[in-house]
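S.K.: Before we start, here is the structure in question, set down as structure tokens.
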2 protein chains.
Amino acid sequence: MTGAEAIIKTAARANVEICFANPGTTELALVAALDCEKSIRPVLGLFEGVCTGAADGYGRVKQKPAMTLLHLGPGLANGIANLHNARRARTPVFNVIGDHASWIRPYDPPLNMDIAALAQTVSGWHKTSDSAGTLSSDTAAALSASRCGQISTLIVAADHQSKTCPDAIVEEESFSFQNVDSSMIVHAANLIRNAKRPALILSDKALRARGLAAAAQIRAKSECDLLMVTFPACFEAGAGLPVLKRIPYFPDSAGKLLAKYDAFVLVGAPQPTAFFGYEGGATLLLPDEAPRVRIDTFKQDAAAVLEALSSFLGPDVGREALAPLMGQQAIPGLPTGALTAEKMCAVVAALQPEGCILVEEGISSAVSYYSHSPYLKPYTHLTLTGGSIGMGMPLALGAALAEPDRQVITIQADGSAMYTPQALWSQAREQARVITVICSNRTYFTIELEYLRAGYGQPGEAARSLMSLDAPPLDFESLSRGMGVPAARVDTVERFIAEFRKGLAHQGPCLIEAILK
Amino acid sequence: MTGAEAIIKTAARANVEICFANPGTTELALVAALDCEKSIRPVLGLFEGVCTGAADGYGRVKQKPAMTLLHLGPGLANGIANLHNARRARTPVFNVIGDHASWIRPYDPPLNMDIAALAQTVSGWHKTSDSAGTLSSDTAAALSASRCGQISTLIVAADHQSKTCPDAIVEEESFSFQNVDSSMIVHAANLIRNAKRPALILSDKALRARGLAAAAQIRAKSECDLLMVTFPACFEAGAGLPVLKRIPYFPDSAGKLLAKYDAFVLVGAPQPTAFFGYEGGATLLLPDEAPRVRIDTFKQDAAAVLEALSSFLGPDVGREALAPLMGQQAIPGLPTGALTAEKMCAVVAALQPEGCILVEEGISSAVSYYSHSPYLKPYTHLTLTGGSIGMGMPLALGAALAEPDRQVITIQADGSAMYTPQALWSQAREQARVITVICSNRTYFTIELEYLRAGYGQPGEAARSLMSLDAPPLDFESLSRGMGVPAARVDTVERFIAEFRKGLAHQGPCLIEAILK
């Protein structure tokens, strides 16, 4: 067995099922090893950001790590932006980076870089291989480290990959969360009981079905309001689930919402902070005087924390008592007339099938979508956790391969779409069931807005040239077809509805460029 | 004056003329400042790799730094692959990265990253701002540090950008090389004189007109053979210039060439090393027993070094004595028949106009081009210095903006083209005079070749899926039009010639997808 085979077999034994790869000469032994282990599906990305974004999407939906295979320092660097989002999403990811043969590294060949320095910016665990013999245990350790929701990066010299090593495969240590810290639960419960208007702020696994069920109980027992962070990794939404207020993006609006409460319990959520700092604006968004408990879910299971809190607050209420607290199905009617961002969101909300996965990277154009969210048929919703744009189409690829029977829908801003457009080719190659809606407003609208908010007045010629995308206009229909994804351009609600319906009937990927008014 | 204005004005004073930018909310003060200083031209890239690759192309041609403006850690990360090439090319580049406001950083907002850790992987100089008041001197120091051929990265907190600071602009310390180290020259001259078959290995500025003129003299005086590194940043080539042997890519061929010589003088070149390490293959490529002198050109001017060496070897020979040593014009005839990689190279060589700039990222498809190079009308040639693919189209953008009157021609591999295709949009927007020839062989051919060379035999299904680009085939004609660059697809020599001629007659950018047999 080669070192590369040790990695692949150890990963397969640990139930890794997919590898998003863009390999080169220093990963050839790993490429060859993938032919010896049929249980890991290799998926080629034409750019590393596709691979890492797809691994994030896969991991969020499947709640287990995908493997990536990236080429040296530049390959990892190209994947960092989407790994940054994965880190913020607490997605388990297992990166394998091929490095130069160990004996050539001291001579600094052209592709040589400080890969570990790059890796540590996004990885909770990283290691540079020291021999073929430890690669199985390195892989097991990397995978084990990823399970609590972090990125593991194993940098493997080419000679360690190709060298023969013992056949023994190390089993990954089974992962389990620690027991819930009951003193924190008591503290949180007392806070809720003693407050007039308490709020739970949820993120991470608290927003999956089990966590939400417990949160609904807490609400029923305590009148505690339920909020979610601005950009959750993955949440279940729709009718029959509790209605959560999503903390707004702009700090003034967020501050206004949070000022309504006099105590906070944060489960899996960092303390709410402005996304950007504004001169004279708030940084920390919770009202200063409000007491708070923050329960970290790195070592504890968020759902178990909520269940413990709920049970401390009293016996569970029944379905009927819960029902009025839950979202009732209220699917918006189909709009007509000029195609605006709001109408685009309403059409998606109206037509999306039960159980679909919605990827939201619509930036300014998707703002209104969430107002429909709690009232739709149940679905899964992924957002841009780390603010590093270009995740939408790769994330959708990974989500679609994680759940091939579910429809994936991406609401994708046009500016952001141009960061990792290569994802469309992999969607076509893998026949991923993804409808991409490009929100074509032909501007970096958020930057325009922030420019005005910052008080610079109307942008001059130079500033304008750095915000507008209209000269030349991007033609996403051509771009998409160029990568093998059928596409249409629409500028009326009626045509958007027709194309969206066509997309739902289609098995593979498609793209709709929605020219927004 | 704001801190941002201090940066922009200091850069303008130091003769920075262009800024390749992809800004966000943390760079708005810099965006606004660009409207106050009209001598710096802002150029928008839709992805940061476009900006950094363009800065590399601009800097190689113009031999002075372009500025880039990038958004936080993810923005810098997206630019690292092409900065890696720039670092290997010894291109001066001045990066400015906007960071979060200093007061919000401790609260770790979503986009927060360790930007300095990323910066240090490619930068010779980097600094994180500590106040608005020092930004002018920081900028001057960064620019000064870049002049010897390295990357400077200034990370500037948003609040330092917007804060008011004194109006004083710090002048950049004027840059000059150190005097040539005469003891090294004596040592090198003696080596050449005492050897039977000495060779000069040139890189960096040694390959510009002045260096080449001195190298030709050295050859005339000493029979010293002239070689160049495998992947020079920028060299002048064509009839009337000395003919240099380019060290081959594969270490066995390189070793065979280098074994012919018994002494080496390296000017600006690292010692020749295999690009990748191969089991049982050579790492260091110079024959063990051959004495060598390596003259670093980080602090000394490569051209001055060669001139000193030449003058030590005796009085200059005249034009007539030099003439037989120089390349004579011998432009290849136009081929006919099926379009192969070799014929594509021959057509480009035959039709390229005098004074053009040739960007070579053809990887396996461009191998035969250099055989024509010394015999063409004089032109400038840029190559993939760091092996980080995806530099071709961005580099061409920067080169075209550096020299708007010269035709730029990019020989671009299809696999590599998909790393930074967004460069085409900026080429269209800026009406850059670039003809991009896509070498469409629909495979990562080099990886296939390396796979076979490594002895893995015929790739299995998994390995094949990670090397082939044919399902679905990429349609570069659509991709290019989607970004506003007129394009054509050709599969015969005759049609390639016709489209190439059309491209030469056209003022703005165009793309030819050459389907290779």
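The values are calculated or read from the model by the stated rules, or taken from the named source; none is laboratory data. This structure is a prediction, so every number in the text was calculated from the model and none was measured. Here the Cβ is made from the backbone with ideal geometry for all residues, glycine too, and neighbour counts use every protein chain on show.
S.K.: Please work out if residue B:100 is crowded, with 24+ Cβ neighbours inside 10 Å, facing chain A (nearest Cβ under 9 Å) and touching a Phe, Trp or Tyr at 6+ places or on another chain (Cβ under 9 Å).
M.R.: Yes; evaluated as a whole, the condition is true for this residue.
S.K.: Take residue B:257 and decide whether it is in contact with a strand residue (DSSP E or B) (Cβ under 9 Å, 6 or more places away or on another chain), over 30 Å from residue A:162 (Cβ atoms) and either at pLDDT below 95 or not in a loop (DSSP other than H, G, I, E, B) (or both).
M.R.: Answer is no for this residue.
S.K.: Look at residue B:213 and say whether it is more than 30 Å from residue B:28 (Cα to Cα), touching a residue at least 40 places away in the same chain (Cβ under 8 Å) and outside any strand (DSSP E or B).
M.R.: no
S.K.: Also, quick follow-up: Output the residues belonging to segment A:167-199 that are of a type in the set (Gly, Ala, Ser) and either in a helix (DSSP H, G or I) or assigned by TED's automatic domain parsing to the domain that holds residue A:313 (or both).
M.R.: If the condition is that a residue be of a type in the set (Gly, Ala, Ser) and either in a helix (DSSP H, G or I) or assigned by TED's automatic domain parsing to the domain that holds residue A:313 (or both), then A:182, A:183, A:188, A:189, A:195, A:199 are the ones that fit.
S.K.: Suppose we filter A:445, A:476, A:496 for residues that are more than 9 Å from chain B (Cβ to nearest Cβ), touching a Leu at 6+ places or on another chain (Cβ under 7 Å) and of a type in the set (Phe, Trp, Tyr); which single one remains?
M.R.: Sole residue among the options that is more than 9 Å from chain B (Cβ to nearest Cβ), touching a Leu at 6+ places or on another chain (Cβ under 7 Å) and of a type in the set (Phe, Trp, Tyr): A:496.
S.K.: Here's something else I'd like to know. The conditions are (1) facing another protein chain (nearest Cβ under 9 Å); (2) in a loop (DSSP other than H, G, I, E, B), and residue B:16 fails exactly one of them. Which is it?
M.R.: (1) is the only condition that residue B:16 fails.
S.K.: Would you be able to say whether some residue in segment A:80-89 is more than 8 Å from chain B (Cβ to nearest Cβ), out of contact with any Phe, Trp or Tyr (no Cβ under 8 Å at 6 or more places or on another chain), under 30 Å from residue A:381 (Cβ atoms) and without any contact (Cβ under 8 Å) to a residue 40 or more places away in the chain?
M.R.: No, every residue in segment A:80-89 fails to be more than 8 Å from chain B (Cβ to nearest Cβ), out of contact with any Phe, Trp or Tyr (no Cβ under 8 Å at 6 or more places or on another chain), under 30 Å from residue A:381 (Cβ atoms) and without any contact (Cβ under 8 Å) to a residue 40 or more places away in the chain.
S.K.: Does residue B:54 satisfy the criteria of being closer than 26 Å to residue A:81 by Cβ and among the aliphatic types (A, V, I, L, M)?
M.R.: Yes: the conditions hold for residue B:54.
S.K.: Would you mind telling me which numbered condition in (1) in contact with a Leu (Cβ under 7 Å, 6 or more places away or on another chain); (2) crowded, with 22+ Cβ neighbours inside 10 Å; (3) over 30 Å from residue B:60 (Cβ atoms); (4) not aromatic (Phe, Trp, Tyr) residue B:165 fails?
M.R.: With respect to (1) in contact with a Leu (Cβ under 7 Å, 6 or more places away or on another chain); (2) crowded, with 22+ Cβ neighbours inside 10 Å; (3) over 30 Å from residue B:60 (Cβ atoms); (4) not aromatic (Phe, Trp, Tyr), residue B:165 is out only on (2).
S.K.: Another one. If you check B:330, B:308, which single one turns out to be away from every other protein chain (no Cβ under 14 Å) and either in contact with a Pro (Cβ under 6 Å, 6 or more places away or on another chain) or not in a loop (DSSP other than H, G, I, E, B) (or both)?
M.R.: Every option except B:308 fails the conditions.
S.K.: Could you check, for segment B:336-350, whether at least one of its residues is within 14 Å of chain A (Cβ to nearest Cβ) and buried (at least 24 other Cβ atoms within 10 Å of the Cβ)?
M.R.: No.
S.K.: Within segment B:339-346, does at least one residue satisfy the condition of being outside the structural domain of residue B:64 (by TED's automatic domain parsing), modelled with pLDDT under 95 and not in a loop (DSSP other than H, G, I, E, B)?
M.R.: No; the residues of segment B:339-346 include none that is outside the structural domain of residue B:64 (by TED's automatic domain parsing), modelled with pLDDT under 95 and not in a loop (DSSP other than H, G, I, E, B).
S.K.: Of the residues B:291, B:315, which is touching a strand residue (DSSP E or B) at 6+ places or on another chain (Cβ under 6 Å), surrounded by fewer than 17 Cβ atoms within 10 Å (Cβ to Cβ) and modelled with pLDDT of 95 or more?
M.R.: B:291
S.K.: Criterion first (buried (at least 24 other Cβ atoms within 10 Å of the Cβ), touching a residue at least 24 places away in the same chain (Cβ under 8 Å) and within 12 Å of another protein chain (Cβ to nearest Cβ)) does residue A:11 satisfy it?
M.R.: no
S.K.: Now, a different point. Restricting to segment B:255-272, name every residue that is surrounded by fewer than 22 Cβ atoms within 10 Å (Cβ to Cβ) and within 12 Å of chain A (Cβ to nearest Cβ).
M.R.: Of everything in segment B:255-272, those that are surrounded by fewer than 22 Cβ atoms within 10 Å (Cβ to Cβ) and within 12 Å of chain A (Cβ to nearest Cβ) turn out to be B:270, B:271.
S.K.: Taking the criterion of being among the polar types (S, T, N, Q), within 9 Å of another protein chain (Cβ to nearest Cβ) and crowded, with 24+ Cβ neighbours inside 10 Å, would at least one residue in segment A:50-63 satisfy it?
M.R.: Checked segment A:50-63: no residue is among the polar types (S, T, N, Q), within 9 Å of another protein chain (Cβ to nearest Cβ) and crowded, with 24+ Cβ neighbours inside 10 Å.
S.K.: Within segment B:103-128, can you find the residues that are at the interface with chain A (Cβ under 10 Å from one of its Cβ atoms), of a type in the set (Ser, Thr, Tyr) and surrounded by fewer than 20 Cβ atoms within 10 Å (Cβ to Cβ)?
M.R.: Residue satisfying the conditions is B:107 alone.
S.K.: Provide a single number: the residues in segment A:68-109 that are within 22 Å of residue A:46 (Cβ to Cβ), out of contact with any strand residue (DSSP E or B) (no Cβ under 7 Å at 6 or more places or on another chain) and not β-branched (Val, Ile, Thr).
M.R.: 8
S.K.: Can you give me the number of residues within segment B:324-335 that are surrounded by fewer than 11 Cβ atoms within 10 Å (Cβ to Cβ) and at pLDDT below 95?
M.R.: 1
S.K.: In segment B:129-148, how many residues are surrounded by fewer than 24 Cβ atoms within 10 Å (Cβ to Cβ), of a type outside the set (Lys, Arg) and under 26 Å from the mean Cα position of the chain (by Cα)?
M.R.: Matching residues across segment B:129-148 total 5.
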